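One structure is given below, encoded as structure tokens.
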């Protein structure tokens, strides 16, 4: 019996040990299963598009191509978010007539989850943007603007937005560049420095338990890269300025861009849910935008708008007597024949001593062959802003300051560069800013600093646009008309009078090279 009892005790001990091992193994297995569940991978497709002000045929992809891509992606099992980057309400020939309303109409058929804002959305003032927000069936988002009238964001604009698809939530923070106030002469809107705004929005979005946080912007800042490196935001979406579009296909780490030459990009996202380290990976499939099929309903809508524009503007008004180029790089860095044509038209209309046209007003970025017809559409394409003519009384000293401002950012291909009439000047790019202009001649005579001259310019420049504060301290020239005509109309009538148009470079602007 003794030995039997001992054997029983031994068996009991062994059984307990086996049971303990089984329990531990079960716990480990269950823990492993829970860990797998906790680390469940999530998938998202994000379409980012923007910088599409021209709804017509594009070499780089159209709204109709984009609509077909969205239809295909939305039919897949993986949820799709479509974020429109803006940069499209203006300027364009049709926007000069309806202030971008047609773009909103087309976007409504594409059903974006949200639209963020860039400077171009303010081409036709704050109030017009509010009207566009009422027309949109999707939210317009900008995080760092303040309107004293509402004591909040601009009416119709959201400060942040969370896009939800299935069980996925993505929070968007949208930053606007502060230059918009001076470039578009906004009267009341204030742009807030983004650092504090972004931190506040990040805290808000995290409290809403979003899966991912995206930052959208145009002007690059080192601070944004720090936010990415510190995992405060998960990825960034950028609208590339025109001057940087050669790098449109070179995506930085977790920063994905659109530009005129690459108006939409496709992002395939994967990450670990409920994990402190999400292990977010983003693939960018190669996308042949122009090979995408035309979307029937979107294509029909675009066609109707283009037909309407043709009926209004396809009247021939003249013929080009020589080859004409209006590329952005040329018009913002040197004298060009088309710039001379516009400036001469203003000078002749008001019969002034001189005329200035800021290069940022000339937007066609096109070429015209010798012998090609000139239409109203061509003029509005080149001059899409609804600026009117203004006459000023200005001293020689003030003219010199304006010319210094004109060449102060020429390396950046800035829109403040002036095309001129009745005047010629030389400058040295190597000299310090405000010391670059060397000689100035008006009607072939040296400028007299104390003498008062008459100047024809746009109302945009007269009101200090593009940083031309010097024009704010001048007197307005008296005119017989209460309402001045549009600059595009003045140029159109000048072409109609001449019929055969052959403007040429006349050494009005000359760089002195050491």
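The values are calculated or read from the model by the stated rules, or taken from the named source; none is laboratory data. This structure is a prediction, so every number in the text was calculated from the model and none was measured. Neighbour counts run over all protein chains shown; Cβ positions are idealised from the backbone, glycine included.
Going through segment 359-385 one residue at a time, which ones are surrounded by fewer than 19 Cβ atoms within 10 Å (Cβ to Cβ) and outside any strand (DSSP E or B)?
Once the filter is applied, which keeps residues that are surrounded by fewer than 19 Cβ atoms within 10 Å (Cβ to Cβ) and outside any strand (DSSP E or B), segment 359-385 yields 365, 366, 369, 370, 371, 372, 377.
Residues are listed down the side, and each one gets a yes or a no for (1) in the same structural domain as residue 56 (by TED's automatic domain parsing); (2) out of contact with any strand residue (DSSP E or B) (no Cβ under 8 Å at 6 or more places or on another chain); (3) surrounded by 24 or more Cβ atoms within 10 Å (Cβ to Cβ); (4) in contact (Cβ under 8 Å) with a residue 60 or more places away in the chain:
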| site | (1), (2), (3), (4) |
| --- | --- |
| 116 | yes, no, yes, yes |
| 126 | yes, no, no, yes |
| 134 | yes, yes, no, no |
| 142 | yes, no, yes, no |
| 156 | yes, no, no, no |
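Can you pull out the residues in segment 334-357 that are more than 23 Å from residue 486 (Cβ to Cβ) and either crowded, with 19+ Cβ neighbours inside 10 Å or free of Cβ contacts under 8 Å to residues at least 24 places away in the same chain (or both)?
The one that is more than 23 Å from residue 486 (Cβ to Cβ) and either crowded, with 19+ Cβ neighbours inside 10 Å or free of Cβ contacts under 8 Å to residues at least 24 places away in the same chain (or both): 335.
State all residues of segment 70-110 that are more than 24 Å from residue 310 (Cα to Cα) and out of contact with any helix residue (DSSP H, G or I) (no Cβ under 8 Å at 6 or more places or on another chain); if no residue qualifies, say none.
Hits for segment 70-110 are 71, 72, 73, 74, 75, 76, 77, 78, 79, 81, 83, 85.
Condition first: part of a helix (DSSP H, G or I) and either in contact with a strand residue (DSSP E or B) (Cβ under 7 Å, 6 or more places away or on another chain) or within 24 Å of residue 461 (Cα to Cα) (or both). Can you find one or more residues in segment 296-314 that meet it?
Yes: segment 296-314 contains one or more residues that are part of a helix (DSSP H, G or I) and either in contact with a strand residue (DSSP E or B) (Cβ under 7 Å, 6 or more places away or on another chain) or within 24 Å of residue 461 (Cα to Cα) (or both).
Step by step: first the residues of segment 315-333, then only those that are out of contact with any helix residue (DSSP H, G or I) (no Cβ under 8 Å at 6 or more places or on another chain) and not in a helix (DSSP H, G or I), then the one that is surrounded by the most Cβ atoms within 10 Å (Cβ to Cβ). Which residue is that?
320
I'd like to verify a number: residues in segment 160-183 that are within 18 Å of the chain's Cα centre (by Cα), farther than 18 Å from residue 239 by Cα and in contact (Cβ under 8 Å) with a residue 40 or more places away in the chain, how many?
1
Would you call residue 356 part of a strand (DSSP E or B) and over 24 Å from residue 489 (Cβ atoms)?
no
If we scan segment 25-33, do we find a residue that is surrounded by 21 or more Cβ atoms within 10 Å (Cβ to Cβ), in a helix (DSSP H, G or I) and at pLDDT below 90?
There is no residue in segment 25-33 that is surrounded by 21 or more Cβ atoms within 10 Å (Cβ to Cβ), in a helix (DSSP H, G or I) and at pLDDT below 90.
Quick check on segment 386-411: of everything there that is assigned to a helix (DSSP H, G or I) and out of contact with any strand residue (DSSP E or B) (no Cβ under 8 Å at 6 or more places or on another chain), which residue is nearest to residue 348 (Cα to Cα)?
Only one residue fits best here, namely 398.
Please determine whether any residue of segment 470-484 is assigned to a loop (DSSP other than H, G, I, E, B), over 31 Å from the mean Cα position of the chain (by Cα), surrounded by 14 or more Cβ atoms within 10 Å (Cβ to Cβ) and touching a residue at least 60 places away in the same chain (Cβ under 8 Å).
The answer is yes, given that some residue of segment 470-484 is assigned to a loop (DSSP other than H, G, I, E, B), over 31 Å from the mean Cα position of the chain (by Cα), surrounded by 14 or more Cβ atoms within 10 Å (Cβ to Cβ) and touching a residue at least 60 places away in the same chain (Cβ under 8 Å).
Those residues that are in contact with a helix residue (DSSP H, G or I) (Cβ under 6 Å, 6 or more places away or on another chain) and not in a loop (DSSP other than H, G, I, E, B), I need them from segment 48-69; list them, please.
Scanning segment 48-69 gives 49, 63, 64, 65, 67.
In segment 204-222, what residues are within 25 Å of residue 264 (Cα to Cα) and in a helix (DSSP H, G or I)?
222
Of the residues 512, 495, 490, which single one is over 15 Å from residue 355 (Cβ atoms) and surrounded by 18 or more Cβ atoms within 10 Å (Cβ to Cβ)?
495
Within segment 271-293, track down each residue that is surrounded by 14 or more Cβ atoms within 10 Å (Cβ to Cβ) and under 28 Å from the mean Cα position of the chain (by Cα).
280, 282, 287, 289, 292
Among (1) surrounded by fewer than 18 Cβ atoms within 10 Å (Cβ to Cβ); (2) assigned to a loop (DSSP other than H, G, I, E, B); (3) in contact with a strand residue (DSSP E or B) (Cβ under 6 Å, 6 or more places away or on another chain), where does residue 146 come up short?
Result: residue 146 passes all but (2).
Go through segment 418-433 and count every residue that is within 18 Å of residue 358 (Cα to Cα) and either part of a loop (DSSP other than H, G, I, E, B) or modelled with pLDDT under 95 (or both).
Counting residues in segment 418-433 that are within 18 Å of residue 358 (Cα to Cα) and either part of a loop (DSSP other than H, G, I, E, B) or modelled with pLDDT under 95 (or both) gives 1.
If we scan segment 437-459, do we find a residue that is part of a loop (DSSP other than H, G, I, E, B), under 28 Å from the mean Cα position of the chain (by Cα), at pLDDT 95 or above and buried (at least 21 other Cβ atoms within 10 Å of the Cβ)?
no
Table: residues versus (1) at positive phi; (2) surrounded by 19 or more Cβ atoms within 10 Å (Cβ to Cβ); (3) not in a strand (DSSP E or B).
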site: 169; (1), (2), (3): no, no, no
site: 173; (1), (2), (3): no, yes, no
site: 181; (1), (2), (3): no, no, yes
site: 187; (1), (2), (3): no, no, yes
site: 196; (1), (2), (3): no, no, yes
site: 200; (1), (2), (3): no, no, yes
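Here is a list: 183, 179. Which entry is under 18 Å from residue 224 (Cβ atoms) and modelled with pLDDT under 95?
The conditions single out 179.
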